[in-house]
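Read-outs throughout are calculated quantities, based only on the coordinates presented, and are distinct from any laboratory measurement. The structure displayed is predicted, hence computed values, not measured ones.
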Amino acid sequence: MSSQGAGQPLADSPRTTWHRLLRWGVGAVAATAMLWLSSPAIAAPADSPPPTAPLEQLQALVQPAVVYEQITWTGYVYDETNKGYFTEDPFTVSYQCTGFVVNPDGYIATAGHCADYDRTVQDAILSQVVDWAYENDYYEATPSKETIATFARNWRVDGADSEGTPDLSVSVAYGVSVSGEPTGKELTARVVAVRPPGQGDVALLKIEAEDLTVVPLSDNSDTGVGTEVVAVGYPVSVDLVTDVDFNPSFKEGTISAKKTTDAGSLQVYEISAAVSGGMSGGPTVALDGDVVGVNSFGITDEPQAFNFVQPAQTMEEMLRGEGVENTLGPVTEEYRAGLNAYFAGDRDAAVEDFEAVLQVVPSHQFAQEYLQKAQALPASSTSPLIWVLLGVAALLVLGLIGLALWARGRRAGGTSPPVPTPAPPGSPLAGTVPVVEAEPVAPAPTAPSNGQETAAASDPGAAADSAASDAGSDDERFCPNCGKQHDADAHFCPRCGQPL
């Protein structure tokens, strides 16, 4: 057996070879994938977002949560002077407002003045009484309308069961079909809480419904001058010149200033969006669809867009006071996820999300429409070549793994030949590669040289000494496979396990 010097480079162990081959194979797969992604000819196709305007995206987010409101006040007018009611039938006044869903269980936010009995409502009812008294000769002297109007300070408006306050009824209708209700169907709402204009001008309504689409309230931390906003609502003036429908208007603008009212106790946002009568109570939203304010009031006879909204946090305060949470709910979360996927061009994700919405709310009109739009998007496709390349690389890795396992098995079984290593520097064989000896066989007998007999024949003791000298000392034995020095009586290499 050829000896080796300690400290020389050792041959790879089976474990090292296995790790090296595995790393090489994984690197080959990664290189194949990078080649596919970087090659223009076979690059993976990017999602193709559909051409849409920002306002369209905002409409899709907000409109399913916007509702039309019909506010009706009913009162019996009592004449303090004549000690009697003018008529047996009540007088009624109706107003149009807008609201938006803030909780999926039927909670709707709106403006406080839409549900507050104020001077405007009272004057509207009394004006009807003036007209009735004049037309029906209620007074024998037949005074003019102007004169009759001066008598109104002695009149009182009562409800059916209350004195001094008329009865209020509120009905809402969806602008789109949601929650199983068709567009335009009136749903009765009850008033949960009201803050009049001097206290924040917000109100909370409740209808019997569930799984409604919700718009989230902003915390107003990023709301400032210059913020782009869109005011949403149902303007009465539009219905005067167009066919009546339940599609709200979206008025674009910005926040022009932050102001205060009521001696600095309340903050309001001045906006440049054109908010008109009927849009009161509707949401003013940022471009991400979050509500930054509630449409509140404007300035009469102002020729330019000059309106004010109450911060969303004023509405949030009312919700907390009533124990109501502005939570989106599963339907809204799935719906918004579907919209995000659709506008990003992700067909499969959009279809999955809209179908999930329709499983809960089959009548969700916007989910139906955008499901059809999503299905019309081009399907994602992958070049067949990439699968071929990745398949070849995977087979290559498997082949290398198999080869490494086979080689490891052979070495563990002692059938693989020892790896030759160079001789140590300074030895007579330095710079050469030792030849691995074959299995020892008994040499054929040879004739004595120069007439002398062999040491074994003439002196058996000398032959034994010669054999011991040829074998070398016990502490100079090395493994033929990895070069590890071992004891003379060792049967296996302490490093690689090679039989000795």
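Below is a table of values for the structure above.
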quantity: Unit Cα scatterers, Debye sum, region 330-375: log10 I(q)/I(0) for q = 0.23, 0.27 Å⁻¹; calculated: -0.62, -0.86
quantity: For region 287-295, 3J(HN,Hα) per residue [Karplus equation, 6.51 cos²θ - 1.76 cosθ + 1.60, θ = phi - 60°, Hz, x = Gly/Pro]; calculated: 5, 8, x, 7, 6, 9, x, 10, 4
quantity: Percentage of interatomic Cα-Cα distances in region 89-219 larger than 23 Å; calculated: 47
quantity: Placed amide H near Ala193: partners under 5 Å, 5+ positions off or other chain; calculated: Leu204
quantity: Quotient of C-alpha Rg and 2.2 N^0.38 Å, computed over region 54-327; calculated: 1.08
quantity: Residue-by-residue Karplus 3J(HN,Hα) for region 154-164, coefficients 6.51, -1.76, 1.60, Hz, glycine and proline x; calculated: 9, 9, 10, 9, 10, x, 5, 10, 9, 10, x
